[in-house]
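Taken together, the values in this text are just the output of simple stated rules run on the coordinates, not laboratory data. Owing to the predicted nature of the structure, the values given are computational and were not obtained by experimental measurement. Here the Cβ is made from the backbone with ideal geometry for all residues, glycine too, and neighbour counts use every protein chain on show.
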Amino acid sequence: MSALLSAPALRREAKPTRAQAWLRPLQAKPGAKRRPKVFYATVTVAVVAAIILAQIVLSVAVSSGAYEIATLQKSSKELSRTYTSMSQELEQMSSPQHVAARAESFGMVSSNSPAYLRLSDGKVLGVPHRAADSGALLRGSHASLVQNILLTDIPAGSVPAAVKMGRTGVASTAAGSSNVALPGGPLQTMPSPRTR
Amino acid sequence: MKPVITRRRIVITMFVVLALIALFVVRLVDIQVVRAAALNEQSSGKMSSPSTVYGVRGDISDRNGIILAQAQMRYNVTASPRNAKDFERTVDGKKVTVTPAQAASEIGRITGQFPNEIIDILNRALQENAESDFVYITKGVELATYRALDALDIPWLYFESAPSRVYPNGAVAGNLIGYVGSDGKPLAGLEQTANECVGSTDGQQTYERGADGIMIPGSNVVSKQAVNGGKLKLTIDADLQWYSQQVLAKQVKDQRGSWGIAVILEVKTGKLISVADYPSVDPNNVDGTADRFRGSLAFSAPYEPGSTMKSLTSGMLLDAGKASASSRVNAPYEITFPNGANFHDSGHHNPHLTLAGVMVESSNVGISKLADSLSPSVRYDYMTKYGLGSATNVNFLGESEGILRPSREWDNQTHYTTMFGQGFTATAVQMASAYQAIANGGVRIPVTLVDGCTKPNGDYVPAKTGDSVKVISPEAARGVVDMMENVASQGWLRDKFKIPGYRVAAKTGTAQQSNGQGGYSKSYIVTIAGMVPAGDPKYVILTTIADASLNSTAAVAPVFHDLAVQVLKHYRIQPSTSGASRLRLYY
């Protein structure tokens, strides 16, 4: 680069002899040579300093990123552990043993005489009959006979808040209005012809 | 400036530079080559740590996706006995010294161990080895326990991951699913036979850590990729399975029976919807069940089926055109055949029976006289087509084929007893499968228990199903169902079979069982097998109780009835009583 810049200067002084030409630029124009030296040295040092600084900044950024990654990974791990453990608890709560026990604690019993109301023509299919008290499966000595040791931690008497709310909700609708919307269940899934 | 001085300076500078370079090279070679191995070892011991990446064992679910078995991470609590000394903890800004005894009582309060127990564990380890750095305090604690222990911040307490298995529905289908050992190895049931689907492989990774234990970026090397297991889907319906188990258990207990089985089979597909065994096993607590009841008796315990066999024999007679429901036979209480075979019926009845009457009265003499028109080899062929004598398509762990000897090996007595279910053995599932053939217009679809496997990449691979076998003609099959409907509507247990609004077909069987000494014991295995609804059979139900106190099929009838009602309700089968069959039983 410096050769390229100083070439025109050399060409202008081309007339003297070879020896003069070699000596003269050194003595006659020392400033012209010295200034670029300082300038380029400064640039070089500045670039090197900049590179070192960038390197330091980058490595600090990367390693502080590593700390952030580690923290986030840890919290992600903890959260997924919590998620798994909660969903497993949910699965235990929704196990048939637990659901049946809860249903019976609300006074529900299994009916032995299934009957359906056909929505299309209002016809009653089957023989509707009041569910007998004997339909209780888990009563007395026959409390759940299908073991689930995981449920021993879940007290049978405790009713989760959501269930309590659900109960009052149902009770108030039934009392407040006779036009109760049909919940999803047998009636909707019952195969019935589309008549017009 | 004189050139000589300049040159000397240059030489000196060069020499110094070269000397420095030489020094660095020596040092470099020393570090990188000579002491490389030792230094690497030293550094990696401090910085890098190989760790296991656990592959997740796949779920086992029922037909509706309800999870029956699931991987769960548990934690082993370990300690370094030699470091179990006093440590300081900051409480409310003040430093408090915690002694090992205090720490032990804190741990014990969470794990449920006595503090002395924990101190004993530490002391015993130190007695064996004064430098002991590792001992288990307790194994397999759950997440909440692990977190509570971790929050204690005891410097000599450590944890390790312990992949384990949890069964959210407990004993529901426990006998089928099986269980895994504490080391994660499958030990029973589908966990073992379907390991190809749900099994996982652990991987390994190495990364370098800084002094504070944080991973150095870019240093993570996965040397072995972990492979997760697939998801296994069963044909079982968890709700019906639970109901079957509960109803069966209740009745077996009331009857003081020794064991019981209840099988529900989908007629059009051959899929097992429920296979209940009593006693059942909760895979979360395997030790709570005796060893012999940890598998599935329905697959592994063959017994002489008894009179439920008469439906199969009637099917042969109808198919071969040797008899019809109205065929007459004089069936006295007791008989001695020309070949010397002698037996009698279980009770006295009108001897002038039709084939339908033979079924309703369950007359051994009647069925024997009629089925004598079929040669033993023909009957043997029919029996094998019904699926007797060979294991089902399920290939359950420890499944039995039952014992069915070739007809040429039948002795004079066996010649007849095979017609009414003695002299050979079959499993409950084999018999249910034979009834499925009758319910399905004579075509037996091999039973299935596993629906398929969802591979980790999301592909669903349906389980292999065997080829269907045409056993008897559709007309013969319909004829047998009609006769079985008359057993339910006209037999002595008719009140127990009644389901308002539905038609029921069933056959009872009170079978003698081997006493283990070449004879028969005094107690029976009582069975009811049948199908609902009788007009268009959709479900086969087979229920069995051994050694019931009633010693008759009345002991098992409530189970059959309740399961029939439940399956009809569960699958919203439309009530229909039209076209009920009423056959003539006597002449």
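Some points to look at:
- Overall Cα dimensions of segment B:489-552 - principal axes, largest extent first, Å: 46, 21, 15
- Comparing B:VAL487, B:VAL540, B:ILE119 along the charge dipole axis of chain B, the residue lying farthest to the positive side is B:VAL540, per the Cβ-charge model.
- Residue order, fewest to most surrounding Cβ atoms within 10 angstrom, among A:HIS129, B:HIS570: A:HIS129, B:HIS570
- Which listed pairs, of B:LYS271/B:LYS464; B:LYS253/B:LYS538; B:LYS470/B:LYS538; B:LYS271/B:LYS322, have C-alpha distances above 22 Å, in listed order: B:LYS253/B:LYS538; B:LYS271/B:LYS322
- Peptide A:93-99 has a mean of 6 when you count, residue by residue, the C-beta atoms of other protein chains within 10 Å of its C-beta.
- From most to least packed by mean Cβ count within 10 Å, the peptides B:127-133, B:281-287, B:203-209 give B:281-287, B:203-209, B:127-133.
- For segment B:243-260, the Karplus equation 6.51 cos²θ - 1.76 cosθ + 1.60, evaluated at θ = phi - 60°, returns couplings of 4, 4, 5, 5, 5, 5, 4, 4, 6, 4, 5, 4, 8, 6, x, 8, 7, x Hz by residue, with Gly and Pro reported as x.
- Over segment B:56-230: Kirkwood hydrodynamic radius from C-alpha pairwise inverse distances, Å: 19.0
- Cβ-Cβ FRET estimate between B:GLU142 and B:SER523, R0 fixed at 41 Å, reported to 0.05: 0.40
- As a proxy for reagent exposure, ranking B:SER375, B:SER200, A:SER94, B:SER314 by other Cβ atoms within 10 Å from fewest up yields B:SER375, A:SER94, B:SER200, B:SER314.
- Across segment B:127-160, the residues whose backbone nitrogen lies under 18 Å from the label position 7 Å along the beta-carbon direction of B:SER51 are B:143, B:146-147, B:150-151, B:157-160.
- Amide H contacts under 5 Å for B:ALA505, placed H, 5+ residues apart: B:MET531, B:ALA534
- Gyration tensor (Cα) of segment B:345-440, equivalent ellipsoid semi-axes in angstrom: 26, 16, 12
- Whole-Hz ³J(HN,Hα) from phi, Karplus 6.51 cos²θ - 1.76 cosθ + 1.60, for segment B:575-583, glycine and proline x: x, 7, 10, 6, x, 4, 8, 9, 9
- Dividing the helix sum by the residues of chain B, where each DSSP H run of 4 or more adds -39500 (n - 2.57), gives a mean residue ellipticity at 222 nm of -10000 deg cm²/dmol.
- Segment B:21-133 pair-distance distribution - Cα-Cα, 10 Å bins, rounded %: 10, 19, 19, 22, 17, 10, 2, 0
- Reachable lysines from A:LYS37, criterion Cα separation under 25 angstrom, eight or more residues apart if same chain: A:LYS29, B:LYS2
- The number of Lys pairs in segment B:56-230 with C-alpha atoms less than 23 Å apart, excluding pairs fewer than 8 positions apart on the same chain, is 5.
- Sequence of B:LEU265, B:LEU240, A:LEU58 once ranked by neighbouring C-beta atoms within 10 Å, starting from the fewest: A:LEU58, B:LEU240, B:LEU265
- Over 19 Å [Cα-Cα, segment B:254-358], rounded percent: 67
- For B:TYR539, distant residues with modelled amide H under 5 Å away: B:VAL267, B:VAL532
- Treating each Cα of the protein assembly as shown as an identical point scatterer and summing with the Debye formula, the log10 of I(q)/I(0) at q = 0.04, 0.09 Å⁻¹ comes to -0.32, -0.96.
- Inter-chain Cβ neighbour count for A:104-114, averaged per residue, equals 3 (cutoff 10 Å, partner chain atoms only).
- The Stokes-Einstein estimate for chain B, based on a Kirkwood radius over Cα pairs and taken at 4 °C with 1.567 mPa s viscosity, is a diffusion coefficient of 45 µm²/s.
- Peptide A:62-75 shows a mean partner chain C-beta count of 2 within 10 Å per residue C-beta.
- Percent of Cα pairs in segment B:448-548 per distance bin of 5 Å, from zero to the largest separation: 2, 10, 14, 15, 12, 13, 12, 10, 6, 3, 1, 0.
- Cα lying deepest toward the dipole's positive end in segment B:56-230, options B:ILE67, B:SER105, B:VAL77, charges on Cβ: B:ILE67
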